[in-house]
1. Would you confirm, using the coordinates I've provided, whether Thr198 is open to solvent by less than 70 Å² (accessible area, probe 1.4 Å), over 12 Å from Leu75 (Cα atoms) and not small (Gly, Ala, Ser)?
2. Go through region 85-127 and report how many residues are within 26 Å of the chain's Cα centre (by Cα), open to solvent by 30 Å² or more (accessible area, probe 1.4 Å) and of a type outside the set (Val, Ile, Thr).
3. May I ask you to list pairs of residues, at least six apart or on different chains, whose Cβ atoms are under 6 Å apart, with the first in region 145-156 being touching a residue at least 24 places away in the same chain (Cβ under 8 Å) and assigned to a loop (DSSP other than H, G, I, E, B) and the second being open to solvent by less than 30 Å² (accessible area, probe 1.4 Å) and not charged (D, E, K, R)?
4. From the list Ile82, Ile74, pick out the single residue that is modelled with pLDDT of 90 or more, closer than 20 Å to Met195 by Cα and not in a loop (DSSP other than H, G, I, E, B).
5. How many of the residues in region 177-192 are exposed (fewer than 11 other Cβ atoms within 10 Å of the Cβ) and at pLDDT below 85?
6. Scan region 174-196 for residues that are assigned to a helix (DSSP H, G or I) and touching a residue at least 40 places away in the same chain (Cβ under 8 Å) and jot them down.
7. When you scan region 128-144, how many residues do you find that are touching a residue at least 40 places away in the same chain (Cβ under 8 Å), open to solvent by less than 60 Å² (accessible area, probe 1.4 Å) and of a type in the set (Gly, Ala, Ser)?
8. Just give me the residues in region 151-160 being buried (at least 17 other Cβ atoms within 10 Å of the Cβ) and either of a type in the set (D, E, K, R) or at pLDDT 95 or above (or both), in sequence order.
Amino acid sequence: MGALLSLSLCVAACDGGGDKADTSAKTDDKKDSEKKDEKKDDKKEEAKKADEAKPADAKPKAKPADAKPEPKAILPVQAAKIDVKGDEPGAGLEIKADGTVTVGGELVGKVSTDGKLTQPDGSVYMTVSADGKIMEGSEEVPMKLEANGARLELDGEGLIVEFEAGGKVNVTGEKGEPAPAEFQMFVHEGCEGEMGKTCGIAFINILVAELLEAAE
């Protein structure tokens, strides 16, 4: 009987100890789980802070609007000269890089890329349109610009001037016949190619006009 009682007490005591152990174990598991959750939360918070600390991705710069191409020059302008063979340099017609035109060093006018020819006082006396039409005031001038020169049409008495490579100025009659000798005495520098248009209109309006005036 005493032995049974002792065994019973031992069982009771042992059972009570087991419950406490289970409870303690569960408590420890719970704490471990909470710690793990806290660590996860800490990591999430750190990741969030790291993301916030990162500079925002730079947005691609808006492309500037494509610049509109500059309109093609009606009259190209660059430094060029037309001299009489054998004369001193600078004695003939000179077009400077800014379009200023001189003859023998004296200012006679100016040409501009928009097709205007002006006198020394700044007044416009001739214009060339984009389609090649040449006007003096309200009247059309019987002149045409060529790829490397210009053409004056005067009922069979006109002239064609061409600026060739190497400095030769080729002047012929309106129908291709040889021009008078006085028109064959010129040489040029810088008038070949597209610049021939500008040199051509200056040559006809100034040098040819002077020659025709002197012949009267």
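1. Taking the combined requirement at face value, the residue does not satisfy it.
2. Adding up the residues that qualify gives 6.
3. Cβ pairs passing all conditions: Asn148/Phe163; Asn148/Gly196.
4. Result: Ile82 is the single residue among Ile82, Ile74 that is modelled with pLDDT of 90 or more, closer than 20 Å to Met195 by Cα and not in a loop (DSSP other than H, G, I, E, B).
5. The total comes to 1.
6. Met195, Gly196
7. 1
8. Arg151
The values are calculated or read from the model by the stated rules, or taken from the named source; none is laboratory data. All of these numbers come straight from a predicted model, not from anything done at the bench. As a convention, Cβ positions derive from the backbone with ideal geometry for all residues, glycine included, and neighbour counts pool all protein chains shown. In case anyone asks, the SASA skips ligands and DNA or RNA and just uses the protein heavy atoms, side chains included. Shrake-Rupley method; radii C 1.70, N 1.55, O 1.52, S 1.80 Å.
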